[in-house]
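Visitor: Submitted below is the structure of interest, expressed as C-alpha cells.
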Amino acid sequence: MLEERDLPLAAGHRRITTLRELAEHLLTDESVGQGLMAGTAGELELLASIAALALERHGPAAGGEAEDGTRYPWQQRKPVSPVEPADRWVPERDVLSWFEPGQKRQRAEHALTRLRERALLLPAPKGRLALPPLLHVRAAGFDGYGRTADRLLTTAYNAPEVKRIAANLFGEGAARTRDQAQALITALLADPARVRALVENAPVRALELLDHLVPGPPLLRTHCFVGRYGSQYAGPDAKYVFREGGSGDEGTDWLAGRGLLIPSGPDLGELPYEVARALRDEGAAPSPRLEPEPFTATVPLPSGWEGEGGTAAAAAAWRAELVLRALAAQPVAIRKAGGIAVRDTRRLAKAAGADEADTRLWLDLAVNAGLAAPRDDEPAPASRGRRNSKAPKPTARLLPSDRYDAWAAAPPAGKLLSLLAAWAVVPAVLTHWPDPDETPVALISPQDEDAVTLRTGVLRALAVLPDGHGLTANARGYTELLSLAAWFQPALRAHLAADATGELTGLDGVLDRMAATLAEAALLGMVAHGALTPAGRALCQLLEAGAARHYPAVPGAGADPAARGPEGLGDDLSLRPALAKAVTTLREELYAALPEPSDKARFQSDLTATATGAPAPALADLLSAVGDIESEGHAVVWRITATSIRRALDAGWSTDELLDRLTAASERDTPLPQPLAYTIKDTARTHGQLKVVRSACCIRSDDTALIAEVAQARGLTKLRLRRIAPTVLISTAPPEETLSALRTAGYAPTQEAETGTTLLDRAPTDRAPSLLPTLDEAHSAYGDPARGVPASARLLAATLAPGG
C-alpha cells in the first residue's frame, strides 16, 4: 500500500497533498529511478524485456530523445516531448508466455505484482501492461539498441555529410537538399529487407564489426570521424565530418559511408536502431531470470549459533553504554578540523575497556541516533582595556544528549534498537578507513553514497542462504556474496566488471568495504557464523521498507527505548505503517534475543563480582562505582580493590551504604564474603584522614604523624608542601591537582569546602539538545504539479483513490 507520508520530499518543493499530484510524481523520471533502485536485477531484466516488447510493437518512443543528444534524462538540458504510456500497452499474456507453466510462471506473476506495487507497472486495462515514460524512452538502450537513424543524423552531421551518405547509397544527384537526402537514408534503413540486401555486399571486415555491434552495445571506438573544426573535444551541439583519408579500417569506413555507423561523440560511432533491428535474429523469446544464482560457498552452522548472535548483541549494547557513560563523565572536545582527537578517543576507550576502533563506531552511531550531540561552550570574556580585541570563539564539546538518560535506563534491547536503526541508514561504512596514511578519527561526516546500498545488498543476499548454512569466510565466499548483493542491489554493478572467464575484476576496494560491513554486522549481533540472525532479518526488512530514504532522520531511533511491542514508536512512525511494522518487528526480535538484564551479582572471596548476561543499569552503576571491569562475554566481571573502593568513598558513598547495597545485590541474598567486607572497612578506616582545604589549598589532618610523612614524601615535591602547623600543610598547586597528586602517591584524601563540609567527586550532568530530526523535519516538499494531467496519471490517481 502506498503511503503519501512514506514518500521522500525533494528540496525546495511543497508536499504532495492530492492523488493527482501523487500520480504525476510517480510518473516522473526521479520517482521511477527510485523504484528501479529498490528492485532486483531480475525485476530490472523483466522490465527491460517488457520495454523491448513495447519497442517491437510500437517502435521507438516519439520525442523520447533529447535534442542535445544526451543519453540520460538527468543530463538533458532541452525539453523532450512527453511519452504517453497509455498508447504503448503490451499484452500480459505475451509476457507470461516467456515462462514455463508452474513455478516459473508463478514467480513471473508475483514479480509483476511487486512491480505494480512500486508503480513501475502502471494501472492498465485487465490483461495489459503499461510502463512509465522513462522505460519507453530508454527501451532501446535496455535492449542494446542505439538511437534512431534520423536522430543520429540530425545530431551528428551538417548537410554535406548527409548528402555524401545519400550519394554512396543512391548515386550522385539523388538528393538536392539535406532533407531529401536524410529522408532517403532513413527510408532505406527503416526497411529491414533493404538493409539486409545492402549488408550482403559488405566487406568481410564490416561484417565482423556488425557481429559485435548488432547484439549490443551499439558503440564503437573509431578514428573515422573528427570534429567539424578539427577539435577532438565536442560539446552537445558539435557536428562531425569524415576524416580525410579514412580511418585506416576498411570495414569502419564502409559502414560509416552508408549511414550504418554514425558519430555520437569524440572517436565514438553508434549503430542506428533500425540497422540492429533489421539484422538481429529475433526468433528466441526473452528469458529473464527472476531468481538469483544459488550460493555455493557455504558451511553448515553449528548448533546454538543464534544464541551467539544474541550474546554479541547484548555485548554491543553494554559496550556502547560504557562508552557513553565515559563520555557523560568527561565530555570530549571537537577539533576545529572536525572529529575527535585520537587521545580523547583512546581515553574513552580505556575508560570503557573497549577497542579504539569500536569506540569510534559507538560514538558515530550515538551521534547519528541522537544520543550524543555537540554543544558550543560559552566563550571566555574579553580582557578589559582592549577595545579592538576579538571575542574568543566558543569551543565545541561532544556531550550526551537530553535523550541519553532515558536510553541509559532502558533494557539492552531498547538500547540496541536506536543504535541499529542508525547503523542501518547511515551513509558510511564507519569502521572502514580507506586511506592508510590518514589517522582514523571519530565523529566523521557520513558521505558514502554507496554504503547503504552495499549494506542492504549484503543483508538481502545473506537472507537467501540455504537453511542451516552460513557464508564461507574466504575470498571465494566474499566474491560470491558480492555478486549476489549486486543482484539484489543492481546499483552495485557499477563497481563490478568481469573478464573473459567471468571472474570479477576491478572491485575498487568494494570487497574491503563489504568485509568491514560484515564485521560491523557481527559486532552488532546481526550476523553470526556468516548467517543472518533473526534480528538481522528484521533489520533487513527495515531497510526494505525504505528507512534509508529518510536520513538524516533515523526511523526507530526516536522510539521510547523502554517500551515494547507497537507502543512508544512516536508520532513519526504512527503515520507510516510500513516503517512502524518494521521497527516493531526489529524491537520484538531484539527482546527475544537479549535476555532480561541481571539485577544480581555473585561475589567471591577473590574480590570479584560477576553478573551473568547484561547487568541492569542500577547494578552496573553500583559495581562500576566500587570496582573496575575485568572481563566481559557471557558474563561481566568486576574486580574490587582498595583503589576502586576509595573512588566510591570519594564520590560520597558511606561504608554502611556500600555494604548494604552490595549485600542486597548478592545472588540469593547471601552475605558478602569476609575478605570483601574487611577490605571495604579497612579502606574506609583510613579514608578522609587528610583534608584538602579549598580556600588556601591547605592539607590538614588530626594525625600529626601522617602530616609529617606527607611533608617528606618524595612523590609530592612538585606540590612544594610547607608545614605551617602540626596538623596543617599548604600546597602551591590548586585543590584539584593536589588531590590528584595525593591519590597517585597512595593516600586517600577528601576535599573540604570552606564551611568544613566534604565535597563529593560527582560526574558532570551536562546534556546537549538532541539533533536527531523527525521524519517530517528531514524532508522538504514537492513542487507545484503540472497543469496538464496525462491519461496514465488520471488512471493511476483513480486506482489509488479509496475504493479504486
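Visitor: Over region 149-279, what is the mean sequence separation of C-alpha contacts under 8 Å (at least six apart), divided by residue count, expressed as relative contact order in percent?
Guide: Relative contact order comes out at 34 percent.
Visitor: How big is the shadow of the Cα convex hull of region 185-271, averaged over all directions, in nm²? Don't skip to the end; give the middle numbers.
Guide: Values: hull surface 23.7 nm².
Seen from a random direction, the Cα hull of region 185-271 projects 5.9 nm² on average.
Visitor: Once you sort the root eigenvalues of the Cα gyration tensor of region 602-686 as a ≥ b ≥ c, which label holds: rounded (a/c under 1.5), prolate (a/b larger than b/c) or oblate (the other case)?
Guide: Prolate is the answer for region 602-686, as a/c is 1.5 or above and a/b outweighs b/c.
Visitor: Could you tell me which of the pairs 600/691; 415/581; 350/691; 600/681; 350/718; 691/718 are separated by over 24 angstrom between their Cα atoms in the structure shown?
Guide: In this structure, 600/691; 350/691; 350/718 lie more than 24 Å apart at Cα.
Visitor: Right, another one. May I ask you to list the GluC sites (Glu not before Pro) in region 551-630 that are in a DSSP loop and have at most 13 other Cβ atoms within 10 Å of their Cβ?
Guide: Hits after loop and neighbour filter: 567.
Visitor: Sticking with this one: Kindly state, as a whole number, the per residue volume in cubic angstrom of the convex hull around the alpha carbon atoms of region 143-225.
Guide: Enclosed volume per residue, from the Cα hull, is 112 Å³.
Visitor: If you don't mind, another one. What ranking do 252, 686 get, fewest neighbouring Cβ atoms within 10 angstrom at the top?
Guide: If I rank by nearby Cβ atoms, fewest first, I get 686, 252.
Visitor: If you rank 488, 170, 242 by fewest surrounding Cβ atoms within 10 Å, what's the result?
Guide: Numbers: 488 23, 170 14, 242 19.
Listed from fewest to most nearby Cβ atoms, that is 170, 242, 488.
Visitor: Region 251-298: D in µm²/s via Stokes-Einstein (Kirkwood Rh, Cα pairs, 37 °C, 0.692 mPa s)?
Guide: 229 µm²/s
Visitor: Related question: Which number do you get for Rg(Cα) / (2.2 N^0.38 Å) in region 691-747?
Guide: 0.96
Visitor: Report the charge-dipole magnitude of region 602-686 in Debye, nearest 20, computed about the Cα centre from +1 at each Lys and Arg Cβ and -1 at each Asp and Glu Cβ.
Guide: 140 debye
Visitor: Please report 126, 691 as a ranked list, fewest other C-beta atoms within 10 angstrom at the top and most at the bottom.
Guide: 126, 691
Visitor: Shifting gears a bit: Dipole size in debye (nearest 20) for region 149-279 around its Cα centre, Lys and Arg Cβ +1, Asp and Glu Cβ -1?
Guide: 280 debye
Every number here is computed from the coordinates shown, using simple stated rules; none is lab data. Every value quoted in this text rests on a predicted model; they were computed, and no experiment measured them. Using ideal geometry, Cβ is built from the backbone for each residue, glycine included, and neighbour counts are taken over all protein chains shown.
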